[in-house]
1. If I go through the stretch 4-32 residue by residue, how many of them are outside any helix (DSSP H, G or I) and of a type in the set (Gly, Ala, Ser)?
2. So, of the residues in the stretch 7-32 that are under 17 Å from CYS78 (Cα atoms) and of a type outside the set (A, V, I, L, M, F, W, C), which turns out to be surrounded by the most Cβ atoms within 10 Å (Cβ to Cβ)?
3. What number of residues in the stretch 65-98 are assigned to a strand (DSSP E or B) and not hydrophobic (A, V, I, L, M, F, W, C)?
4. Filter the stretch 39-70 down to the residues that are of a type in the set (Gly, Ala, Ser) and either more than 13 Å from the ligand (Cβ to nearest atom) or over 20 Å from ASN95 (Cβ atoms) (or both) and list them by number.
5. Filter the stretch 33-64 for residues that are hydroxyl-bearing (Ser, Thr, Tyr), in a helix (DSSP H, G or I) and free of Cβ contacts under 8 Å to residues at least 40 places away in the same chain; which is surrounded by the fewest Cβ atoms within 10 Å (Cβ to Cβ)?
6. Applying the selection to the stretch 60-105, what residues are aromatic (Phe, Trp, Tyr) and closer than 25 Å to GLU36 by Cβ?
7. Anything in the stretch 71-101 that is more than 10 Å from the ligand (Cβ to nearest atom), in contact with a Gly (Cβ under 8 Å, 6 or more places away or on another chain) and more than 18 Å from TYR31 (Cα to Cα)? List them, or say none.
Amino acid sequence: MAKHRQKNKAVAKEIAYERITYLFDVAGREYADSPERSNRYVSLAKRIGMRYRVSLPQELKRKMCKGCGSFLSPGSNCRVRLKNGRLTITCMNCNRVQRYLLEGGRAESKESPTNENRS
Ligand SMILES: [Zn+2]
C-alpha cells in the first residue's frame, strides 16, 4: 500500500499549494471585515504548508508576519518600504521587521516603488 503513495503525494502537494493560495486570497479579501479571520486563514495556510512540506511562495510569505503570524495588509497593520532593492516589511502588531531582497539585487531606477502601498 505504501508504494502507491508517491503519486498521491505530488497531487496532495498541488492541492495544498492551491489551498494555500486560496486561503491567502480570501484572507486579503476579508481583512477589511475581519482581520482576525484573516489571521486564522493564514495560520491555516501555514499549517497546510508544513503538513505537506510545501513552502509558501515568496509573495505570500510577505503577506504574513513571521513573528506573530498575522496577515499583513499594507497600509493597515504593516509598513512596506523599498530601499536599495530591499523590501522591508514591518509588522505593526509585534514590530517584527522582515527584509526581502528583490530580484535583480539593487534597484537602480528611482521610479517610485508604489507596490502595494495604497493608503
Ligand atoms: Zn507580527
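1. Counting residues in the stretch 4-32 that are outside any helix (DSSP H, G or I) and of a type in the set (Gly, Ala, Ser) gives 1.
2. By that ranking, first place goes to TYR31.
3. Of the stretch 65-98, the ones assigned to a strand (DSSP E or B) are 71, 74, 78-83, 86-91, 97-98.
If we keep only those that are not hydrophobic (A, V, I, L, M, F, W, C) too, we end up with 74, 79, 81, 83, 86, 88, 90, 98.
Qualifying residue count, the stretch 65-98: 8.
4. ALA45, GLY49, SER55, listed by residue number.
5. Residues of the stretch 33-64 that are hydroxyl-bearing (Ser, Thr, Tyr), as a first pass: 34, 38, 41, 43, 52, 55.
When the remaining residues are screened for being in a helix (DSSP H, G or I), the result is 38, 41, 43, 52.
This time we only want the ones that are free of Cβ contacts under 8 Å to residues at least 40 places away in the same chain, so: 38, 41, 43.
On the way: SER38: 27, TYR41: 24, SER43: 16.
The extreme case among them is SER43.
6. PHE71 - this is the single residue of the stretch 60-105 that is aromatic (Phe, Trp, Tyr) and closer than 25 Å to GLU36 by Cβ.
7. GLY85, LEU101
Readers should treat all values here as calculations from the given coordinates under stated rules, not as data from a laboratory. Computed from a predicted structure; not experimentally measured. All Cβ positions, even for glycine, are placed from backbone atoms using ideal geometry, and neighbour counts span all protein chains on display.
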